[in-house]
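The values are calculated or read from the model by the stated rules, or taken from the named source; none is laboratory data. In this text the structure is predicted, and so the values were computed from the model without any measurement. Ideal geometry is used to build each Cβ from the backbone, glycine not excepted, and the neighbour counts take in all protein chains shown. Protein only, heavy atoms only, side chains kept; ligands, DNA and RNA dropped before computing areas. Shrake-Rupley method; radii C 1.70, N 1.55, O 1.52, S 1.80 Å.
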Amino acid sequence: MTASSTTPAPLRLLAVHAHPDDESSKGAATMAKYAAAGVDVLVATCTDGSRGDIQNPAVEGEPHPKRDMAGARRLEMERAAAILGVSQRWLGFVDSGLPEGDPLPPLPAGSFATLPLQRAAAPLVRLVRSFKPHVILSYDENGGYPHPDHIMAHRVAVEAFESAGDGSRYPDAGEPWEPSKLYYDRAFSPERFRALHFALEEAGLQSPYAERLAAWLEADAEGHTPPPATHPTTTQVDCGDFFEVRDDALRAHRTQVDPLGFFFAVSPEMQRRAWPWEDYSLIRSRVPSELPERDLFAGLR
């Protein structure tokens, strides 16, 4: 076969998420853009979402989620993945729920966030070795927000990134594969919320972000700017053309998302004008790449 007749293998992106719906609220437009461009995109969903509460008033009276929340969310996940044009795999763990109270109650025995790290990471290491992603997306150490399953999703993603290429670790999880780049998602970056807040105010519309911004400003001694991020943005993916796809995928998670709620306060068109990117922090790279980046596969193409 001549070089001109060969087709290069597609680039591969693995996004690690805690629950079904997280993939549609964090990095969804990025995944849809890359999938449409021929990148092989796979979502790894750590838990079944079985302990999620119904967040959409329109679903309150429906029997399926009340009887079988995990089953309802499995169907929602299938629809969302089809809308985004991505593949999806369940890692098979049980949702830990979000504990409430003072003091906080213990997490349910056997749930995802209670497991030893190696046990929790083993299915993801196996998936990395079989799928062979070039890039892994995950959350930061705080989980994006401090849900115990999000924090554990961060831990297993980092463990898989560091371990999958080492044949002496997880020896029963398949042939080693070393991913090239690890990113943390910055879906909740203060810079983005500030831009959207001011865009709404300039249009004479009420902003749902005022309280969040006030809390960030209060954390700053001078009261001028949100506190600096632990991991600042290094990479912005211009994906505004896929904001409608992202929103459709998020609405597919009917039990978890109110279609009149927070996530849809700013129209896609206004978002394209104010902040047409999704933001990431490059944490580890095994290939040379110059910052700032506009492409998660910079250095790999």
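Brief remarks follow.
- The overall shape of region 33-174 is oblate: from the C-alpha gyration tensor, with semi-axes ordered a ≥ b ≥ c, the ratio a/c is 1.5 or greater and a/b is no larger than b/c.
- Rounded to the nearest 10 Å², the accessible area of W275 at probe 1.4 Å: 40
- Cα centre as origin, Lys/Arg/Asp/Glu Cβ charges: region 1-119 dipole, Debye: 460
- Note on I136: accessible area approximately 0 square angstrom, rounded to 10, probe 1.4 Å, nucleic acids and ligands left out.
- Accessible surface calculations at 1.4 Å, restricted to protein heavy atoms, place region 96-201 at 42 Å² per residue.
- Taking the DSSP beta bridges with both ends in the chain, the antiparallel portion is around 30 percent.
- The packing ranking, built from the mean of other Cβ atoms within 10 Å per residue, places the peptides 120-128, 11-19, 100-108 in the order 11-19, 120-128, 100-108, highest first.
- Dipole of region 50-126 [Lys/Arg +1, Asp/Glu -1 at C-beta], most positive-end residue of A58, S111, V125: V125
- A viscosity of 0.890 mPa s and a temperature of 25 °C, combined with the Kirkwood radius over C-alpha pairs in the Stokes-Einstein formula, give region 225-301 a diffusion coefficient of 167 µm²/s.
- Based on C-alpha pairs under 8 angstrom that are at least 6 apart in sequence, the chain has a relative contact order of 22 percent.
- In the full protein context, region 243-301 carries 49 Å² of accessible surface per residue, based on a 1.4 Å probe and ignoring ligands, DNA and RNA.
- When peptides 51-63, 27-39, 192-204 are sorted by average Cβ neighbour count within 10 Å, with the highest value leading, the order is 27-39, 192-204, 51-63.
- Helix screen, the chain: DSSP H segments with Cα axial length of 20 Å or more and mean Kyte-Doolittle hydropathy at least 0.5 are 117-131.
- For the chain, the carbon plus sulfur part of the accessible surface works out to 52%, probe radius 1.4 Å.
- Taking every DSSP helix (H) stretch of at least 4 residues in the chain, weighting each as -39,500 (n - 2.57) and dividing the sum by the residue count yields a mean residue ellipticity at 222 nm of -10500 deg cm²/dmol.
- Going through [x] 18.7; [y] 14.4; [z] 15.3, the figure that equals mean projected area of the Cα convex hull in nm² as computed for the structure here is [x].
- Dipole magnitude for region 231-276: about 100 debye, using +1 per Lys or Arg Cβ and -1 per Asp or Glu Cβ, origin at the Cα centre.
- Charge dipole (debye, nearest 20) of region 154-221; +1 at Cβ of Lys and Arg, -1 at Cβ of Asp and Glu: 120
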